[in-house]
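The values are calculated or read from the model by the stated rules, or taken from the named source; none is laboratory data. Everything numeric in this text was worked out from a predicted model, so none of it was measured. Don't worry about glycine lacking a Cβ; one is built from the backbone with ideal geometry, like all the others, and counts go over all protein chains shown. These area figures cover heavy atoms from the full protein model, side chains too; ligands, DNA and RNA do not enter into them. Shrake-Rupley method; radii C 1.70, N 1.55, O 1.52, S 1.80 Å.
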Amino acid sequence: MNSRKAKGKAPNSEPDSPRIWKYKSTDLAGLAAFALSIFGYAWYIANWVKGADVQFFPPDQVELRCSEVEANECTAESKVTITASTMSYVNRGDPAYNAVLRREQVEAKFGDKQIVLDWTYFSDISSTSAPQKVATPRVISGGQSESHETRFYPRLSCAGDNCDRSNFLAWSELLKVINQKDSPLKSISMKFLVTLFDSEKRIEKSCVVTIDQGSREQFAKQGAKLFAKTLPCVSTAAKK
């Protein structure tokens, strides 16, 4: 009689993977890795779209200064310039996304007269003897900050033979406005305009410079011999 051996099921050489909520742990690990990769790509795309994120902080004080000084006195041809201390920036973008500062300007209103001045020099402190260099574009690295003092001067704007000098305010005219008996100049509204490369958006911040009674008396007493005066510049956002 032929004997028939029962064939049993071959034992599995690999043990079953542990299960979590009826799912294999290896499957859950693969799903987690896939989710992390998707999150990483989404984060990369979000930062790419966001790019550099520059925030500008206006100066806490400004200095009114005449452009030409001889023998510690403003010359008759001297014009009004403004020194901002300091112009501060923070780039909140990732380190890979830098921003380039292209231009700084300031709009200042002296009574009924409004002028626009352009950046001309960078300096370290508000002093006539402080070292200064020509204002040029600066890189604001991602995740970093940048601060400097800027001196703003009027610029001649010409189209053909016609030149616009409306932004040139004589220092003597400023003294007249400040020392008017009926309606002396008590404040100056300023708006700082910042332009970045490859950006259509212009950053604007405003502040108000107060000329108190003591400062007006000093202007009246010293006249052209007072060639520079530092005054607080209070942000309009801080007033709200």
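Data for the structure
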| item | result |
| --- | --- |
| Some residue of region 164-183 being open to solvent by less than 80 Å² (accessible area, probe 1.4 Å), within 20 Å of the chain's Cα centre (by Cα), closer than 15 Å to CYS66 by Cβ and not aromatic (Phe, Trp, Tyr) | no |
| Region 130-163, residues that are within 21 Å of the chain's Cα centre (by Cα), over 27 Å from THR75 (Cβ atoms) and of a type in the set (Gly, Ala, Ser) | SER141, GLY142, GLY143, SER145, SER147 |
| Residue, farthest from THR195 (Cα to Cα), within region 134-144, restricted to residues that are among the aliphatic types (A, V, I, L, M) and open to solvent by 70 Å² or more (accessible area, probe 1.4 Å) | VAL134 |
| Residue check for SER147: in contact (Cβ under 8 Å) with a residue 40 or more places away in the chain and surrounded by fewer than 13 Cβ atoms within 10 Å (Cβ to Cβ) | yes |
| Condition met for LYS191 (within 25 Å of VAL100 (Cβ to Cβ) and either among the hydroxyl-bearing types (Ser, Thr, Tyr) or within 14 Å of the chain's Cα centre (by Cα) (or both)) | yes |
| Only one of ASP94, ASP112 that is open to solvent by 40 Å² or more (accessible area, probe 1.4 Å), at pLDDT below 95 and closer than 21 Å to LYS191 by Cα | ASP112 |
| Qualifying positions in region 69-91 - open to solvent by 10 Å² or more (accessible area, probe 1.4 Å) and either under 17 Å from SER123 (Cα atoms) or in contact with a Pro (Cβ under 7 Å, 6 or more places away or on another chain) (or both) | LYS79, SER85, THR86, SER88 |
| Per-region count, region 203-240, residues in a strand (DSSP E or B) and of a type in the set (Asp, Glu) | 1 |
